[in-house]
Structure formats: structure tokens, C-alpha cells
1. With the crude spin-label approximation of a point 7 Å out along Cα→Cβ, what separation in nm comes out for SER41 versus ALA104?
2. Under 14 Å from the Cβ of ASN199, count the other residues' Cβ atoms, weight Lys and Arg +1, Asp and Glu -1, and hand me the total.
3. For LYS86 and GLU178, FRET efficiency with R0 = 30 Å and r from the beta-carbon atoms, rounded to 0.05?
4. Say each of GLN29 and ASP198 gets a label point 7 Å from the Cα, pointing the same way as Cα to Cβ; how far apart are those two points in nm?
5. Can you give the charge dipole size of segment 89-215 about its Cα centre, rounded to the nearest 20 debye, using +1 on the beta carbon of Lys and Arg and -1 on the beta carbon of Asp and Glu?
6. What relative contact order, as a whole-number percentage, does segment 128-215 give when Cα pairs under 8 Å and 6 or more residues apart are counted?
7. What percent of all Cα-Cα pairs in the chain falls in each 5 Å bin, counting up from 0?
8. Tell me which aspartates and glutamates have Cα within less than 12 Å of LYS132's Cα, excluding those fewer than 8 residues away on the same chain?
Amino acid sequence: MPLSNLELVNEFAKDYDKNILKNIWNGPQIIFDETREFISSGNLILDLGIGTGESSKRFQEANCIITGLDGSPKMLALCKAKNIGKKLVLQNLEETPFPLKTDAFNGIISNGVFHLINPIKPIFSEAKRILKSKGIFAFSFENSDDVSNYCEIEKGVWMMKAESGVFTYKYSEQYIAELLNQNNFTVHSHKQFLAYVDNELQKETFFTIIVAQLK
Ligand SMILES: C[S@@+](CC[C@H](N)C(=O)[O-])C[C@H]1O[C@@H](n2cnc3c(N)ncnc32)[C@H](O)[C@@H]1O
């Protein structure tokens, strides 16, 4: 039986930090820079797909209190070893509801995760439930300008099986905008960035990061 996305991603955990240095994963600094004006010391932040903690690290250094969800035990073990996160929970993000209280967090971040997940619609409803009033939801997703080699599985959603066996997804700007709108978020900032460079394949991957706020 082929391995599921989560089983495959779990196997990548041991090389993850080495690879993000090699491939220049810019997301952690960018999500922090885009979000910092909305975040204060002592804020409760939830990181969906915390991985080894690279995105949460900067928020923790800014005295935020981090809860991390991830479906990979090996990623979570590395995150814990780096002392990132007050509470780490093993959770498949494709399964909702998440084991978290309603109205509990000042902010949610999710960086470099949505391209590995389908569906994402329930995640937006969960974000609305879990965030306190005026809470911030900052997330990144892979650009969908080029969807060659992908197949459209729903209007505005494309899927591809990568060589590694991992299924990856692209979501259109319109699709994301509708999810935000349906869940009562307004957009504060919207920025495209070079997320990583694979020097071996000479391939650049662009993501968009959105910072939204519950109305
Ligand atoms: C590319 S890493 C990004 C990690 C981190 N957010 C960062 O900025 O470095 C993607 C993370 O999403 C997690 N992930 C992928 N699919 C998932 C799923 N279905 N449920 C939970 N976590 C998942 C992986 O285990 C991995 O830790």
C-alpha cells in the first residue's frame, strides 16, 4: 500500500532543518515580519503544522506562548528537542475538529503547510472557532500561476503527485479569498515571496502569505 502524505512527510523530518538551510526556506522570517505588528508579548499563538518549530521560533522569542499541532511524530520530537512550543499535539490537520477550546488564541499561523493538505476548508472554520475576537490568522500557500502537471480536483484546487510520492496542492487566490470571506476574516496584508530554491532542480517556488483578522 502506498504511504500516505503524513507517513512520507514523517520520513523527511530528520533532514528537514538541513534542507531548509540548503533550499533557503524564507517563510519563517516573512511570516514573523508580516505578523509582528498584530502580536504582543504574552499572546497565545497556535501553529498549524509546526514542524520543527522554525516559524514559531521567532514568535516564542517575542514572548508569545506557542501551541503546535502537527501530524508527524518525528517533526514534533525535533521541535520539542529545540524547546519550541509550550504544548505540542499530534494531530492530522485533515481531520477536524481540532482538540482545542473555542475562543482560545490571539493568533494562528500556518506556514508551508497548505500545499500538503486537502481539504483546507475545514481549517478556516476551525480558525474562526478557535480564535478570540479580532484574532489574527496568518498563513502561506503555494502560488497557482503555473498548474501544468497538476490536475484540477475542484474549482480553484489542483493536485499533483510529486516524485517523492507526496500529493501536493495549489489553491487559487479566489478560492482562499472565499474561505476568508465565508469565515468573517478581513485581509490586512497579502504578499508573494520566493519561498525556496531547489538548487539541484534549479527550481524556484513562490508562496503567498496572507495576514487576516477576524471581524
Ligand atoms: C514544510 S513543513 C513546514 C513546517 C513549519 N511550519 C515551518 O515553517 O518550517 C510542513 C509541515 O506540515 C506537516 N503536515 C503535513 N501534512 C499534515 C497533515 N495532514 N496534518 C498535520 N500536519 C501535516 C508536516 O508534518 C510538516 O511538519
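1. 2.6 nm
2. After counting each charged neighbour, the total is 0.
3. 0.35
4. The modelled label-to-label distance comes out at 2.3 nm.
5. Working: 12 positive and 15 negative charges, 153 e Å.
Dipole about the Cα centre, nearest 20: 740 debye.
6. 37 percent
7. Calculated P(r), rounded to whole percents: 1, 7, 15, 20, 22, 18, 10, 4, 1, 0.
8. List returned: ASP103.
The values are calculated or read from the model by the stated rules, or taken from the named source; none is laboratory data. If you're wondering where the values come from, they're calculated on a predicted model, not measured in any experiment. Heads up, the Cβs are rebuilt from the backbone with ideal geometry, glycines too, and the neighbour counts pull from every protein chain shown. Remember, those area values only see protein heavy atoms, side chains included, never the ligands or the DNA or RNA. Shrake-Rupley method; radii C 1.70, N 1.55, O 1.52, S 1.80 Å.
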